[in-house]
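The values are calculated or read from the model by the stated rules, or taken from the named source; none is laboratory data. It should be emphasised that the depicted structure is a prediction, and the values quoted were computed from it without experimental measurement. Reconstructed Cβ throughout: ideal geometry from the backbone, glycine too, with neighbour counts over all protein chains shown. Each accessible area value is taken on the protein alone, full model and side chains, heavy atoms only, with ligands, DNA and RNA left out. Shrake-Rupley method; radii C 1.70, N 1.55, O 1.52, S 1.80 Å.
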Amino acid sequence: MLALKQKDIFRYSLGDLGINLNFQLIGFYLAYFYTDVFGISAAHVAGLFLIARIWDAVNDPIMGFIADHTKSRWGRFRPYILFGAIPLNLILLACFYTPELSDTGKVIYAYVTYITHGICFTLVSLPYSSISAVMTQDQQERAVISTYRMFFAVVVALGIIGVGVKPFVNLFATEQQGFFVAACVLGASSIILLWTSFFFSKERVEVPAEKYHLKDIIPIIIKNDALLVLAGAMLLNTAVWVTGNAVALYYFKYVLGNADLQSTFFMVMLPANMLGAFVTPFITKRFGKLKTFMWASLGVAIFSLSRHFIPDDQLTLIFAVSGISSFAMMFCSIAQWGMLPDTVEYGHWKTGQRSEGIPFAFFSFMQKSAMALAGSVAAYAMFLSGYEANTVLTASADRTIRWLFNIVPAAYSTLCFIVLLFYKIDGPLYKKIITELSSKEDKS
């Protein structure tokens, strides 16, 4: 198979920017939007995030099964990008719309729109990610693909969402108007980027036709111990940034007393993320994806924890320590997605059943579970602390937000490091897997 060209990887990776303009707007601002703009209690937000993920436990594997068994002139996975881009971004607009409803009506509206968004997100993101497993079987090329994807998903999207959205919202008379217009602009951009990825992506790896049935979904997941370990690590790693991002606006608005600091903060994080994305391919090539993921997780834990003990008036030091943590976090984000396609071959080698869709569906479910669980824990902790929107914080609420911004992410990252101790796919084993699978295909 011919080596992938940089332009092929670039064009494919634009889709991740399209997905993350949508995904990160939800991750950064929806909890704040629900509590401080739409007027839903933090307790209801916690329940909503949790219940939505219970549905995903059913929705995601079924979507993986459907994608694996799809046959079309565009391939197995690409048509979902083409036809799912518009519904995904229309429901984004609905999530940031504020109809005049009773308190109960608002809760029902939030449940319907947020759960529907989760369904549409799976419809697009799962097949999109699965394409990376059929673009190449080369481990280092997969690491490069992951680097490009995370550059667009984290660095570029972070610059747009983390730095640009709040100042943009401030241009409008109310936050209701600002967030809705922001969703319109980002949604339209997302559609264009996803369609660009669709037109220029190719499914290059020829794999056997999928022969498994619905009843095989759970065994495919359970027997793939490498997938289970990696998915557990990814859940914890995702919980790190979800928690930090979800409470960042509360932290700057209420604890430090200046909501505008949030944009400044993420503007400082941007070059740290860019540097991390640039350096990661060299690090993974030298030390491997697993070791990169492990030791970067430990670094994130150390610097997140240390930030908790910096005085509030030492903003330069707070930002500097946060930048180092973000730099290390890029290693984690890139490595985890570069490792996922390897579990596809591992599962095929171990069980004799090949599936791209199910491992990626399970990963998608765990990622969204991390968003929900971390978001729910944060929202419920704030509710228990006595948090009231747009009022002076109680001592308990102040302490809770500080812990959520610093100590809780550090704990998640430490657990991520521990989980990765049980991951077994290294370079020699992967080469053995590919050799034996190729030998079986040649004989057949």
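Among the residues of the stretch 289-296, is any farther than 21 Å from I407 by Cα, open to solvent by less than 50 Å² (accessible area, probe 1.4 Å) and over 20 Å from the mean Cα position of the chain (by Cα)? Within the stretch 289-296, not a single residue is farther than 21 Å from I407 by Cα, open to solvent by less than 50 Å² (accessible area, probe 1.4 Å) and over 20 Å from the mean Cα position of the chain (by Cα). The set of residues in the stretch 350-366 that are among the polar types (S, T, N, Q) and buried (at least 23 other Cβ atoms within 10 Å of the Cβ) comprises S355, S364.
Can you tell me which residue in the stretch 61-81 is surrounded by the most Cβ atoms within 10 Å (Cβ to Cβ), limited to those that are assigned to a helix (DSSP H, G or I) and of a type in the set (F, W, Y)? Can you show your working first?
Step one: list which residues in the stretch 61-81 are assigned to a helix (DSSP H, G or I), which gives 61-68, 78-81.
Among the residues that remain, those that are also of a type in the set (F, W, Y) are: 65, 80.
Working: F65: 21, Y80: 27.
Top of the filtered list is Y80.
Report, by residue number, each residue of the stretch 223-239 that is open to solvent by 10 Å² or more (accessible area, probe 1.4 Å) and of a type in the set (A, V, I, L, M, F, W, C). Of everything in the stretch 223-239, those that are open to solvent by 10 Å² or more (accessible area, probe 1.4 Å) and of a type in the set (A, V, I, L, M, F, W, C) turn out to be L228, V229, L235, L236. Within the stretch 373-402, residues that are within 12 Å of A43 (Cβ to Cβ) and open to solvent by 40 Å² or more (accessible area, probe 1.4 Å) sit with their Cβ atoms under 6 Å from residues that are hydrophobic (A, V, I, L, M, F, W, C) and part of a helix (DSSP H, G or I), at 6+ positions apart or across chains, in these pairs: Y380/A46; F383/A42; F383/A43.
Does L25 meet the test of being open to solvent by less than 10 Å² (accessible area, probe 1.4 Å) and within 20 Å of I115 (Cβ to Cβ)?
Numbers: open to solvent by less than 10 Å² (accessible area, probe 1.4 Å): yes; within 20 Å of I115 (Cβ to Cβ): yes.
Answer is yes for this residue.
The set of residues in the stretch 173-206 being in contact with a helix residue (DSSP H, G or I) (Cβ under 6 Å, 6 or more places away or on another chain) and closer than 30 Å to S438 by Cα consists of S197, F198, F200, S201, E203, V205. Just to be sure, is A259 among the aliphatic types (A, V, I, L, M), open to solvent by 10 Å² or more (accessible area, probe 1.4 Å) and not in a helix (DSSP H, G or I)? Considered against the rule, which asks whether it is among the aliphatic types (A, V, I, L, M), open to solvent by 10 Å² or more (accessible area, probe 1.4 Å) and not in a helix (DSSP H, G or I), A259 comes out as yes.
In the condition set (1) part of a helix (DSSP H, G or I); (2) of a type in the set (S, T, Y); (3) in contact with a Leu (Cβ under 6 Å, 6 or more places away or on another chain), T113 is compliant with all but (3). Close Cβ contacts (under 7 Å, 6 or more residues apart or on different chains) running from residues in the stretch 166-180 that are touching a residue at least 40 places away in the same chain (Cβ under 8 Å) to residues that are of a type in the set (F, W, Y) comprise F179/Y29; F179/F33; F179/F96; F180/F96; F180/Y97.
In the stretch 311-336, the residues that are within 23 Å of G257 (Cα to Cα) and of a type in the set (A, V, I, L, M) form Cβ pairs under 8 Å with partners that are open to solvent by 60 Å² or more (accessible area, probe 1.4 Å) and assigned to a helix (DSSP H, G or I), at six or more places apart or across chains, as follows: V321/F303. Regarding the stretch 323-346, can at least one residue be identified that is crowded, with 18+ Cβ neighbours inside 10 Å, farther than 30 Å from I218 by Cβ and hydroxyl-bearing (S, T, Y)? Scanning the stretch 323-346, I find at least one residue that is crowded, with 18+ Cβ neighbours inside 10 Å, farther than 30 Å from I218 by Cβ and hydroxyl-bearing (S, T, Y), so the answer is yes. All conditions in (1) surrounded by fewer than 18 Cβ atoms within 10 Å (Cβ to Cβ); (2) modelled with pLDDT under 95 hold for V185, with the sole exception of (2). Residue count for the stretch 127-179 satisfying the condition of being outside any helix (DSSP H, G or I) and touching a Leu at 6+ places or on another chain (Cβ under 7 Å): 2.
Restricted to the stretch 297-308, and to residues that are among the small types (G, A, S) and crowded, with 24+ Cβ neighbours inside 10 Å, which residue is nearest to the chain's Cα centre (by Cα)?
So in the stretch 297-308, the residues among the small types (G, A, S) come out as 297, 299, 301, 304, 306.
The next check asks that each one be crowded, with 24+ Cβ neighbours inside 10 Å; those that pass are 297, 304.
On the way: S297: 16, S304: 19 Å.
Applying the filter and picking the extreme gives S297.
What number of residues within the stretch 90-107 satisfy the criterion of being of a type in the set (S, T, Y) and part of a helix (DSSP H, G or I)? So the answer is 1. Considering the stretch 38-60, and only residues there that are open to solvent by less than 20 Å² (accessible area, probe 1.4 Å) and at pLDDT 90 or above, the residue that is nearest to P167 (Cα to Cα) turns out to be F38.
Taking (1) under 20 Å from the mean Cα position of the chain (by Cα); (2) surrounded by fewer than 17 Cβ atoms within 10 Å (Cβ to Cβ) in turn, P99 satisfies each apart from (1).
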